[in-house]
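J.: Quick one: this structure, given as structure tokens, is what I'll be asking you about.
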Amino acid sequence: VAQGEILLDVRGVSKRFGGLTAVDDASLTVRKGSITALIGPNGSGKTTLFNLITGGMAPDSGEIWFEGRRIDTMRPWERGHLGLGRTYQVTRLFKDMTVQQNVVAPLPNSRWRTMFSDSVSGHEAARARELLDIVGLGSFANQPAGALSYGQQKLVELAQVLMLQPKLILLDEPAGGVNPSLLGRLTEVIRELNRSGVTFLVVEHNIPLVLELCDPVVVFSRGASIAEGPPGTIREDPVVLDAYLGD
Ligand code: ADP
């Protein structure tokens, strides 16, 4: 896996909820060109860290840098503008809108236009179709999103994120709830996008998938990283096994 310069740099970030420290002086880097995994037991702070990176909440301390800019004080849409995209654990598509309308929905002002008319501009529509072809769903463009399987909806969300031309995509459990027959395509799509220059940070519970797809793998426990390395090393690391089995 190509390991370029540091794209995302999380520096000593903490986040507390009342008396609970969900993210505890955590540091993490994502290098340009990588598919970096973030794994760890339930409750270890992975989702909270995602929210801190994309801007759903602010850290109590620490800094987050993206491409040499400090982003932890920016609004979420500003971070999106810089090239930071994310998907969610549970899909957030408009189920009654068509697949294609959903893909263009995150563009500025397009939500209202797509809701009240079919007038998506020719250029936007063409780009959405292109992206749907990339994720293998071109033939579903005019179906309502709610008619697709859960795994297909996750692929639509990936196309939706790509519409904003992100440099880094945070994937929150991309394989969760996806049936096995779609998993192969999902990993192939991620690989293909990575080859074309998109960097990924992936939270995923399917460990065999992580070990096959990602490098490096960062392991979280109790709010901070306890191990980081290539999948081969992580698989054998007693500290990692202990974190999973000990909790
Ligand atoms: P993970 O994604 O690794 O399962 P989370 O980041 O979801 O972990 O949660 C880390 C800890 O923070 C857990 O103990 C969880 O209960 C707590 N937590 C997460 N979000 C909130 C919140 N909004 N309010 C209070 N506690 C929270």
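J.: Please state which one of V218, V178 is of a type in the set (V, I, T), in a loop (DSSP other than H, G, I, E, B) and under 19 Å from the mean Cα position of the chain (by Cα).
T.: V178
J.: If you don't mind, another one. Spot the failing condition for P166; the list is (1) assigned to a loop (DSSP other than H, G, I, E, B); (2) within 15 Å of N102 (Cβ to Cβ), and only one is missed.
T.: (2)
J.: Do we have L93 as touching a residue at least 60 places away in the same chain (Cβ under 8 Å) and under 15 Å from K167 (Cβ atoms) here?
T.: The answer is no for L93.
J.: Could you run through the stretch 44-97 and say how many residues are within 17 Å of the chain's Cα centre (by Cα), of a type outside the set (S, T, Y), crowded, with 17+ Cβ neighbours inside 10 Å and within 16 Å of the ligand (Cβ to nearest atom)?
T.: 10
J.: Right, something else. Based on this model, can you work out whether R31 counts as more than 19 Å from G229 (Cβ to Cβ), modelled with pLDDT of 95 or more, more than 16 Å from the ligand (Cβ to nearest atom) and in the same structural domain as G229 (by TED's automatic domain parsing)?
T.: no
J.: Among D25, D9, which is the only one that is assigned by TED's automatic domain parsing to the domain that holds R69, away from the ligand (no atom under 12 Å from the Cβ), acidic (D, E) and over 14 Å from F220 (Cα atoms)?
T.: Just one listed residue meets the conditions, D9.
J.: Let me ask something additional. Every residue in the stretch 174-233 that is touching a Cys at 6+ places or on another chain (Cβ under 9 Å) and of a type in the set (D, E, K, R), please.
T.: E204
J.: Next question, about the same structure. Would you call V202 in a helix (DSSP H, G or I) and within 16 Å of the ligand (Cβ to nearest atom)?
T.: Criteria not met by V202.
J.: Going by the structure shown, is N109 crowded, with 22+ Cβ neighbours inside 10 Å, away from the ligand (no atom under 16 Å from the Cβ) and at pLDDT below 95?
T.: no
J.: Let me ask another. Looking at (1) modelled with pLDDT under 80; (2) not assigned by TED's automatic domain parsing to the domain that holds S149, find the lone condition where M115 falls short.
T.: Result: M115 passes all but (2).
The values are calculated or read from the model by the stated rules, or taken from the named source; none is laboratory data. No experiment lies behind these values; they were computed from the predicted model shown. When we count neighbours, we look across all protein chains shown, and the Cβ atoms used for this are built from the backbone with ideal geometry, even at glycine.
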